[in-house]
């Protein structure tokens, strides 16, 4: 079980310093990239990833909440992204998967809380990461939607049955009091933004979330 602090909740004015505060406990960093079109919010893009890359060796897990990810993939790869996750709601993702792999990045696929698991199931053999959204994409600080855990269980069963090397990630409302629910359902990676960077001691908060997910 891994913890991925989401820098969406960090202080962008001191982003490198905030990342350093959690580096000792983070397994990877989750980078939420929003374009103001696929979702109403506007956050960061490749230039910030490039700057961040200079200050950390952590895996940069870029979640592209954008309506045309294909035009940005090369820029993210050049900036130092290690993985890019795109949304099934945009349509058949196979061509984008090929491009992500050709650029040397890990392939991720995400789906919204209302989207059924059956929409992503045909692509499990083509990806490295399945991101289950436990809030609606677009803004941090939303409450966890527990109903999505049924989709996590379905994904865990399908991945295990086919012995696929796919990690399940969950993002949205993850805190110390519900991390164990996600892990019990089959999650491998816990993304948390305000649950970590909203705390007085982000590293301690990340450790607490990891401990909760481990059942301690």
- Message: Could you check the stretch 161-173 and list, in sequence order, the residues that are touching a residue at least 12 places away in the same chain (Cβ under 8 Å) and not in a loop (DSSP other than H, G, I, E, B)?
- Response: 167, 168, 169, 170, 171
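What's the total number of residues in the stretch 55-67 that are out of contact with any strand residue (DSSP E or B) (no Cβ under 6 Å at 6 or more places or on another chain) and touching a residue at least 12 places away in the same chain (Cβ under 8 Å)? It would help to see each step written out before you state the result.
Going through the stretch 55-67, the residues out of contact with any strand residue (DSSP E or B) (no Cβ under 6 Å at 6 or more places or on another chain) turn out to be 55-57, 67.
Right, trim to touching a residue at least 12 places away in the same chain (Cβ under 8 Å) and you get 55-56, 67.
Residues meeting the conditions: 3.
Which of the residues belonging to the stretch 10-47 are touching a residue at least 24 places away in the same chain (Cβ under 8 Å), touching a strand residue (DSSP E or B) at 6+ places or on another chain (Cβ under 8 Å) and not in a loop (DSSP other than H, G, I, E, B)?
Listed by number, the residues that qualify are 19, 22, 28, 29, 30, 31, 32, 33, 34, 35.
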- Query: Would a scan of the stretch 105-121 turn up a residue that is part of a helix (DSSP H, G or I) and closer than 17 Å to residue 30 by Cα?
  - Reply: no
- All but one of (1) part of a loop (DSSP other than H, G, I, E, B); (2) over 16 Å from residue 9 (Cα atoms); (3) free of Cβ contacts under 8 Å to residues at least 60 places away in the same chain hold for residue 187, so report the exception by its number. (3)
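Table: residues versus (1) farther than 16 Å from residue 9 by Cβ; (2) under 16 Å from the mean Cα position of the chain (by Cα); (3) not in a loop (DSSP other than H, G, I, E, B).
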{"position": "139", "(1), (2), (3)": "no, yes, no"}
{"position": "142", "(1), (2), (3)": "no, yes, no"}
{"position": "148", "(1), (2), (3)": "yes, yes, yes"}
{"position": "154", "(1), (2), (3)": "yes, no, yes"}
{"position": "157", "(1), (2), (3)": "yes, no, yes"}
{"position": "175", "(1), (2), (3)": "no, yes, no"}
{"position": "181", "(1), (2), (3)": "yes, no, yes"}
- Which is surrounded by fewer than 21 Cβ atoms within 10 Å (Cβ to Cβ), over 30 Å from residue 16 (Cβ atoms) and more than 15 Å from the chain's Cα centre (by Cα), of 114, 99? 114
- Note on the structure: When the stretch 68-96 is checked residue by residue, the ones that are in a loop (DSSP other than H, G, I, E, B) and surrounded by 14 or more Cβ atoms within 10 Å (Cβ to Cβ) are 72, 80, 81, 82, 93
- Query: Restricting the search to the stretch 148-167, which residues are buried (at least 20 other Cβ atoms within 10 Å of the Cβ) and in contact with a strand residue (DSSP E or B) (Cβ under 8 Å, 6 or more places away or on another chain)?
  - Reply: 148, 151, 152, 155, 159, 166
- Task: Identify, by number, the condition in (1) within 14 Å of the chain's Cα centre (by Cα); (2) without any contact (Cβ under 8 Å) to a residue 24 or more places away in the chain that residue 71 doesn't meet.
- Result: (1)
- What is the number of the single condition among (1) over 11 Å from residue 65 (Cβ atoms); (2) surrounded by fewer than 19 Cβ atoms within 10 Å (Cβ to Cβ) that residue 52 does not meet? (2)
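Has the stretch 196-210 got any residue that is crowded, with 19+ Cβ neighbours inside 10 Å and assigned to a loop (DSSP other than H, G, I, E, B)? So that I can check it myself, show each step before the final result.
Our first condition is that a residue be crowded, with 19+ Cβ neighbours inside 10 Å; within the stretch 196-210, this holds for 196-197, 202, 205-206, 208-210.
Subset that is assigned to a loop (DSSP other than H, G, I, E, B): none.
Scanning the stretch 196-210, I find no residue that is crowded, with 19+ Cβ neighbours inside 10 Å and assigned to a loop (DSSP other than H, G, I, E, B), so the answer is no.
Every read-out reported here was derived from the displayed coordinates using simple, explicitly stated rules and does not represent laboratory data. Since the model is a prediction, treat every value here as computed from it, not as a measurement. Cβ sites come from the backbone with ideal geometry, for glycine too, and all protein chains shown count toward neighbours.
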